[in-house]
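The values are calculated or read from the model by the stated rules, or taken from the named source; none is laboratory data. Remember, it's a predicted structure, so these values are computed and weren't measured experimentally. Cβ: placed from backbone, ideal geometry, glycine included. Neighbour counts: every protein chain shown.
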Amino acid sequence: MKEDTKIKIAISTGGSGGHIFPAKTLAKFLKKHGYKVFIIGDEKYKNYIDSKDQIEHKIIKTGKSLKSFYGLREIIFGFFQSLFFLMKNKPDLVIGFGSYATFPFLSASLLLEKKILLHEQNSYVGKVNHLFGRFAKAIMTVYHEMYGVRFKDADKIKFVGNPVRDEIKKLSELEYSYPKKTEKFNILILAGSGGATFFSKEFTKVFKDLPKEILEKLHIVQQCREADIELVRDLYKKINVKFELKTFFKDVDKKIKDAHLIVARSGSSIFEFAIASKPMILIPSPNVTNDHQMKNAKQFADMQSAMLVLEKDFDVDNFRSDFVKLIRDKDKLKDMANNAKTMAVLNAEENILKVIKSTI
């Protein structure tokens, strides 16, 4: 197929890794299947650019709010950047992956009457996807049970799953294995791209006053904010537990593979944990729109694949007791891991491709 005859697809993403990783995964998949693909991202997308991907991209201004002059100015600027891109490259289809970062590009696409598909990574549809849902040909979801979709748009919902990176997808071959007596119990603590302070200043207190035989067996791998690393390091050294701290793990697939228990927020990364058959303790971020992380975590908790802990109700002494019971209960951990596996979708890209073909 000649380059100029390829079907062109523009994927709009940004905001955080939870939006960007699935978008990049889909872009690489579509490129392999002969499509001409562009990614339109915000400034944060620059942190995820890999020259080996060889995917054309365009960075635009986005702005986070219509309420401030600066935010409005950035959105307007991004809108005209998007118009210019669309008129120059003439994509046949536009796919929005949610977040405020997609607003300018979707607005310009709507003005130019482009066909639009939306992908929603959470169980409660985000503000931008909710706004553009009425104009989209389909709203592709990763949860069977969705909230916040307009009644009139309900027939547009297509369950497809969340595109997952190849290095994570390989972990689907894993079966949960409780550590032997001579092995460490690996706990992976991932606090999102920002490395939430709650995990560093509050959750880490769980490890104080643990029974000696448990503390000696633990190996804690934790993502922290730069400002919190010294605090957490001092605590772990004081209680003499084995640990590894970083602000960002480039080998997160290996960290997930080695983990016997994962403690995390409940954004789209929980599907990566599910694919790898890992039991989870999920602590939803209280600072997200429509409390969507709570709704995400509840669906996993209802499937008995995760322990749900609310930050506002967190009591370290009460939780420590439950934590110890969980670590000691290898049968429960294995059941949680197997239940998590049932939530995983390995063919999300193929499912999305079907929606693309039916739309075009």
Tell me, yes or no, whether segment 234-245 has at least one residue that is over 25 Å from Tyr45 (Cα atoms), in the same structural domain as Ser269 (by TED's automatic domain parsing), in a helix (DSSP H, G or I) and in contact with a strand residue (DSSP E or B) (Cβ under 6 Å, 6 or more places away or on another chain). yes
Could you tell me whether segment 258-271 includes any residue that is free of Cβ contacts under 8 Å to residues at least 24 places away in the same chain and surrounded by fewer than 19 Cβ atoms within 10 Å (Cβ to Cβ)? no
Residue that is nearest to Ala108 (Cα to Cα) [pool: residues in segment 1-51 that are among the basic types (Lys, Arg) and in a strand (DSSP E or B)]: Lys8
Residue hits (segment 342-360; surrounded by fewer than 16 Cβ atoms within 10 Å (Cβ to Cβ) and outside any helix (DSSP H, G or I)) are Thr342, Leu346, Asn347, Ile360
Condition first: free of Cβ contacts under 8 Å to residues at least 60 places away in the same chain, on the phi < 0 side of the Ramachandran plot and outside any helix (DSSP H, G or I). Now tell me which residues in segment 301-341 satisfy that. Met303, Ser305, Ala306, Met307, Leu308, Val309, Leu310, Asp315, Asp329
Within segment 203-211, can one find any residue that is touching an Asp or Glu at 6+ places or on another chain (Cβ under 6 Å), surrounded by 14 or more Cβ atoms within 10 Å (Cβ to Cβ) and hydroxyl-bearing (Ser, Thr, Tyr)? no
Within segment 1-49, the count of residues that are among the small types (Gly, Ala, Ser), modelled with pLDDT under 90 and in contact with a His (Cβ under 9 Å, 6 or more places away or on another chain) comes to 0
If a residue counts only when it is over 16 Å from the mean Cα position of the chain (by Cα), among the β-branched types (Val, Ile, Thr) and buried (at least 18 other Cβ atoms within 10 Å of the Cβ), which strands (runs of 3 or more DSSP E) contained entirely in segment 85-179 have at least 2 such residues? 93-96
I'd like to check something: does segment 306-323 contain any residue that is closer than 25 Å to Tyr35 by Cβ and basic (Lys, Arg)? no
Residue satisfying all of: in segment 284-299; in a loop (DSSP other than H, G, I, E, B) and over 15 Å from the mean Cα position of the chain (by Cα); surrounded by the fewest Cβ atoms within 10 Å (Cβ to Cβ) among these: Asn287
Candidate set from segment 52-74 (those that are among the hydrophobic types (A, V, I, L, M, F, W, C) and within 20 Å of Phe38 (Cβ to Cβ)); member that is modelled with the lowest pLDDT: Ile55
Scope segment 221-233; condition over 22 Å from the mean Cα position of the chain (by Cα) and part of a strand (DSSP E or B); matching residues: none
For segment 265-282, name all the residues that are farther than 15 Å from Ser177 by Cα and modelled with pLDDT of 95 or more. Ile281, Leu282
Does segment 55-73 hold any residues that are buried (at least 17 other Cβ atoms within 10 Å of the Cβ) and of a type in the set (D, E, K, R), and which are they? Lys58, Lys61
Given the structure, is Lys325 under 24 Å from Leu210 (Cα atoms), of a type in the set (Lys, Arg) and exposed (fewer than 15 other Cβ atoms within 10 Å of the Cβ)? yes
